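The values are calculated or read from the model by the stated rules, or taken from the named source; none is laboratory data. All values reported here derive from a predicted model rather than from experimental measurement. Positions of Cβ are generated from backbone atoms using ideal geometry, with glycine treated the same way; all protein chains shown enter the neighbour counts. Calculation scope for accessible area: heavy atoms of the full protein, side chains included, ligands and nucleic acids excluded. Shrake-Rupley method; radii C 1.70, N 1.55, O 1.52, S 1.80 Å.
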Amino acid sequence: MKLFGTNGVRGVVNRDLTADLALKLAMSLGTVTKGTVAVGRDTRTSGNMLSYAAIAGLLATGCKVINVGIAPTPAVQYFVRDNADAGIVITASHNPREYNGLKLIAGDGTEFGIEGELAVEDIYYGEALKLADWRETGDLSHTDIIPAYIEGVMQNVSALDIAKRRFIVAVDTGSGAGSIVTPFLLSKLNCKVTTINAQIDGTFPSRNPEPTEDVLTDLGKIVVSNGADLGVAHDGDADRAVFIDENGNFVKEDVLLAIVVKHVLSKTPGPVVTPVSSSQRIADVAEAAGCQVIWTPVGSIHVARVMMQVNAVIGGEGNGGIIFPEHQYCRDGAMTVAKVLEIMNERGRKLSELAAEIPKRYMDKTKVTCRDRDAAMQHIQSSAHGNVDTTDGVKIWYDDGWLLIRPSGTEPIIRIFVEAETETRAHDLLELGMNMTKGC
Ligand code: MG
């Protein structure tokens, strides 16, 4: 059985994900990683249960543990990079309320890669836990990591110039970990801040942790009624940020990524890194700046690792997760907010105007069930012609769009993604994709 999925270990609390599992997983991590381990969590109700189980497991293997309490995942990563040998974040990110998870952080602050996960999994299933002698069980301390993290974000934007502009910002942190960072960061940037759902609450009373357009209608209304320059919302662990423009309209995540990429490249030309599932818009703005896009498998760890290899100037996913290498090699919601304010200030444009500069593209997606994912993918790959990219699934590039067919990691399902210059063409490409998967 595989312990780790695309985003660490995730599951429904006390059904898939128990204190027992957290304890043993932490003992496994402690067995392979000696030294200091930071443990943080998002605001979920099971956060205490799972983080103290993980802390106990680490202490049992002789690790020194720093409990950083509730904090956004990027804040924990920022802390681990400079102060610890590894980290565990108790979070299920954007998943529904009843979920939680454990995300392992490497000593350089990036998420654990597949090699690291396999090493921990081997210990976990091999029952090869190495418990410490009674004299050497670990010490536990507590640290507030938030002030240094906010300071770190401020150092990577033109904070003084942003402060002069006195932006009006509405924030919906969804009762998640971003509640203790983003409103305070914005205040430090001299913004006039209005918050909703900024009280920490693991039952997520107002909305699910995933900041989709349909759950942000209240935020949109507040932006308009307050005459705000923009609205911003986070997922449960605030590594993602999504935006509402001054008219109350949701800015599509891939449009926002393109706005950021365009701005970064105008100042610092260099390679851009994004997964194969990302919008052509990223390539459009990179091409216009004479820069190269490197496409990776889906998953932020792949984006981060490739960014390090090629010395990329910017990278990110089409879900609001953006990586700013001058800050750290992970998705960072608070950093994204600060950067968007910097862009609006430097460009002297409203958010809707910046969005309107990005080329129009139409995306669509669907899923089909299949009997055998691997056999189906092999069949699709052998029947694909033209400009084919097999970085992750099968992606076929056309002159006016693309089609991507990927197997699900967990279900007997194949997903089809398309993007084109017109809605009609996107529809046609989706049909084509469905035809290719027929009989699978
Ligand atoms: Mg997240």
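So, of the residues in the stretch 66-75 that are surrounded by 24 or more Cβ atoms within 10 Å (Cβ to Cβ) and among the small types (Gly, Ala, Ser), which turns out to be nearest to the chain's Cα centre (by Cα)?
This residue is Ala75.
What number of residues within the stretch 244-255 are open to solvent by less than 10 Å² (accessible area, probe 1.4 Å) and within 16 Å of the ligand (Cβ to nearest atom)?
0
Any idea which of Leu118, Leu102, Leu58 is away from the ligand (no atom under 15 Å from the Cβ) and open to solvent by less than 20 Å² (accessible area, probe 1.4 Å)?
Testing whether each residue is away from the ligand (no atom under 15 Å from the Cβ) and open to solvent by less than 20 Å² (accessible area, probe 1.4 Å) leaves just Leu58.
Which fully enclosed strands (runs of 3 or more DSSP E) of the stretch 289-373 have 2 or more residues being touching a residue at least 12 places away in the same chain (Cβ under 8 Å) and either more than 27 Å from Gly231 (Cβ to Cβ) or open to solvent by 20 Å² or more (accessible area, probe 1.4 Å) (or both)?
293-296, 362-369
Do you know which residues across the stretch 264-280 are over 16 Å from Thr296 (Cα atoms) and open to solvent by 10 Å² or more (accessible area, probe 1.4 Å)?
Val264, Ser266, Lys267, Thr268, Pro269, Gly270
Out of the stretch 40-55, which residues are buried (at least 20 other Cβ atoms within 10 Å of the Cβ) and either among the polar types (S, T, N, Q) or within 23 Å of Glu210 (Cα to Cα) (or both)?
Those that are buried (at least 20 other Cβ atoms within 10 Å of the Cβ) and either among the polar types (S, T, N, Q) or within 23 Å of Glu210 (Cα to Cα) (or both): Gly40, Arg41, Asp42, Thr43, Arg44, Ser46, Gly47, Leu50, Ser51.
Could you list, in sequence order, all residues of the stretch 384-405 that are open to solvent by 50 Å² or more (accessible area, probe 1.4 Å), outside any loop (DSSP other than H, G, I, E, B) and in contact (Cβ under 8 Å) with a residue 12 or more places away in the chain?
Once the filter is applied, which keeps residues that are open to solvent by 50 Å² or more (accessible area, probe 1.4 Å), outside any loop (DSSP other than H, G, I, E, B) and in contact (Cβ under 8 Å) with a residue 12 or more places away in the chain, the stretch 384-405 yields only Tyr398.
What single numbered condition from (1) within 20 Å of the chain's Cα centre (by Cα); (2) at pLDDT 95 or above fails to hold for Met27?
If we test Met27 against (1) within 20 Å of the chain's Cα centre (by Cα); (2) at pLDDT 95 or above, just (1) comes out false.
What's the number of the only condition in (1) open to solvent by 30 Å² or more (accessible area, probe 1.4 Å); (2) farther than 20 Å from Ile150 by Cβ; (3) within 16 Å of the ligand (Cβ to nearest atom) that Tyr78 fails to meet?
Every condition holds for Tyr78 apart from (2).
State which residue is farthest from the ligand (Cβ to nearest atom) when the search covers only the stretch 331-348 and only residues that are among the basic types (Lys, Arg) and under 15 Å from Ala258 (Cα atoms).
Arg347
Look at Ala26 and say whether it is open to solvent by less than 30 Å² (accessible area, probe 1.4 Å) and small (Gly, Ala, Ser).
When the stated conditions are applied, Ala26 passes them.
Consider Gly62 carefully, then state whether it is touching a Ser or Thr at 6+ places or on another chain (Cβ under 9 Å) and at positive phi.
Judged against the criteria, Gly62 is a match.
Which residues, counting only those in the stretch 208-236, are crowded, with 22+ Cβ neighbours inside 10 Å and closer than 24 Å to Val12 by Cβ?
Hits for the stretch 208-236 are Pro209, Pro211, His234, Asp235, Gly236.
Do we find that Lys438 is more than 14 Å from Ser278 (Cα to Cα) and out of contact with any helix residue (DSSP H, G or I) (no Cβ under 6 Å at 6 or more places or on another chain) in this structure?
yes
Let me confirm something: among Ile196, Ile162, Ile200, which residue is closer than 14 Å to Ala334 by Cβ, of a type outside the set (Gly, Ala, Ser) and outside the structural domain of Thr336 (by TED's automatic domain parsing)?
Step by step, each of Ile196, Ile162, Ile200 is checked, and only Ile162 is closer than 14 Å to Ala334 by Cβ, of a type outside the set (Gly, Ala, Ser) and outside the structural domain of Thr336 (by TED's automatic domain parsing).
What tally of residues in the stretch 126-170 results from selecting those that are without any contact (Cβ under 8 Å) to a residue 40 or more places away in the chain and closer than 27 Å to Arg305 by Cβ?
Count: 3.
Report whether or not Thr33 is outside the structural domain of Gly299 (by TED's automatic domain parsing) and within 25 Å of the chain's Cα centre (by Cα).
Spelling it out, Thr33 is indeed outside the structural domain of Gly299 (by TED's automatic domain parsing) and within 25 Å of the chain's Cα centre (by Cα).
Mind checking which helices (runs of 4 or more DSSP H) fall wholly inside the stretch 141-232 and carry at least 1 residues that are touching a Cys at 6+ places or on another chain (Cβ under 6 Å)?
Output list is empty.
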